[in-house]
Amino acid sequence: MTPTDPDLSPLRDVIERHGLIARKALGQNFLLDINLTRRIARASGPLDAVTVVEVGPGPGGLTRALLLEGAKRVVAIEKDRRCIAALAELAEAFPGRLTVIEGDATQTDIAALINGPARIVANLPYNVSTVLLAGWLGGRDWPPWWESLTLMFQREVAERIVAGPGSKTYGRLSILSQWRSRPQILFDVDRRAFTPPPKITSSIVRIVPAEMPAGVDPGLLERVTAAAFGQRRKMLRSSLKSLSPDAEGLLTRAGIDPTRRAEDIPVDGFLALTRCFSETPSSGAS
Ligand code: SAM
């Protein structure tokens, strides 16, 4: 704490005073250790010139860490009405720096709430974490409205995000996360750091946008990877039949051996495949 930091009630007291018993249906596993939440906040880089978007602030553990680490402004979206009064106390302690929005982040146009540079930092509710990630990574506009994502995932999801070809965990999520972004696992968080503790270890993942490869339509890439990994044990000449009557010709034009399986094809291979697919009538691309 610096001499100017406000005097905040311990988080356990906040939880007790507001009756915030964790609800499983909302993916509620709270972080109470301020050293850990400040480490997560710092992992997203200097915050004094950006707006931080936090999904699921809950009782405000990570939120207070972001504010204490100097975030210029935090916009926090929370679905659980019970948390709003606790977050209002925090907003009062950091005048003009915290905006709390009661709502479902999967149904909220977050970009419309932001002015200027923004980063997303969140201990995500596990039940909607991949839906939210797909929304942030899947847009047509690139670079996106956010500068970076610093997110907590279950370790198993984090491994899928960074997996490379040949790995059992390599799949649609890996390609979505890597074709025009750079994801990295920063550190693991032990299950015992959460209240209540989940069954498994979690990891903090940081993702920054990279250049968008030319000639690749995000929607078509999604269709290609969905077909390829929908039947991941099959050879591509068979799994891609749902995409094109001449799957073998499509693969050959993309420079891919038609007898190979999706899990062995690097991201560049899927990009080449998508470019060739966009030239076929069945893609519907003009
Ligand atoms: N940020 C807090 C922390 O680190 O202790 C809480 C994290 S907890 C894993 C996930 C939070 O997301 C909960 O507060 C939960 O109520 C909230 N949540 C769940 N689904 C949500 C949704 N669709 N939109 C916004 N918030 C949601």
Subject >> Search result, residues across segment 240-278 that are among the hydrophobic types (A, V, I, L, M, F, W, C), outside any helix (DSSP H, G or I) and at pLDDT 95 or above >> reply: 254, 256, 265
Subject >> Single residue of segment 47-74 satisfying the filter (touching a strand residue (DSSP E or B) at 6+ places or on another chain (Cβ under 7 Å), hydrophobic (A, V, I, L, M, F, W, C) and without any contact (Cβ under 8 Å) to a residue 40 or more places away in the chain) that is nearest to the ligand (Cβ to nearest atom) >> reply: 74
Subject >> Odd one out for residue 42 among (1) open to solvent by 30 Å² or more (accessible area, probe 1.4 Å); (2) more than 12 Å from the ligand (Cβ to nearest atom); (3) in contact with a Ser or Thr (Cβ under 6 Å, 6 or more places away or on another chain) >> reply: (3)
**OP:** Kindly check whether there is at least one residue in segment 184-199 that is in contact with a Ser or Thr (Cβ under 7 Å, 6 or more places away or on another chain) and closer than 27 Å to residue 104 by Cβ.
**Re:** yes
**OP:** Please state which of the following conditions residue 174 fails to meet, knowing it meets all the rest: (1) assigned to a helix (DSSP H, G or I); (2) open to solvent by 40 Å² or more (accessible area, probe 1.4 Å); (3) among the polar types (S, T, N, Q).
**Re:** (2)
Subject >> Tally of residues being more than 11 Å from the ligand (Cβ to nearest atom) and modelled with pLDDT under 95 across segment 117-150 >> reply: 4
**OP:** Quick one: in segment 83-116, of everything that is among the polar types (S, T, N, Q) and away from the ligand (no atom under 12 Å from the Cβ), which residue is surrounded by the most Cβ atoms within 10 Å (Cβ to Cβ)?
**Re:** 99
**OP:** Taking only segment 197-239 into account, find how many residues are open to solvent by less than 60 Å² (accessible area, probe 1.4 Å), within 30 Å of residue 32 (Cα to Cα) and part of a loop (DSSP other than H, G, I, E, B).
**Re:** 2
Subject >> Hits in segment 1-38 (condition: free of Cβ contacts under 8 Å to residues at least 12 places away in the same chain and either within 26 Å of residue 206 (Cβ to Cβ) or buried (at least 16 other Cβ atoms within 10 Å of the Cβ) (or both)) >> reply: 2, 35
Original post:
Looking at segment 78-165, what helices (runs of 4 or more DSSP H) fall wholly within it and have at least 2 residues that are over 14 Å from the mean Cα position of the chain (by Cα)?
Top reply: 84-93
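The values are calculated or read from the model by the stated rules, or taken from the named source; none is laboratory data. From a predicted model like this one, the values you see are computed outputs, not experimental measurements. Here the Cβ is made from the backbone with ideal geometry for all residues, glycine too, and neighbour counts use every protein chain on show. Note: accessible area is taken over every heavy atom of the protein model, side chains too, but ligands, DNA and RNA are not part of it. Shrake-Rupley method; radii C 1.70, N 1.55, O 1.52, S 1.80 Å.
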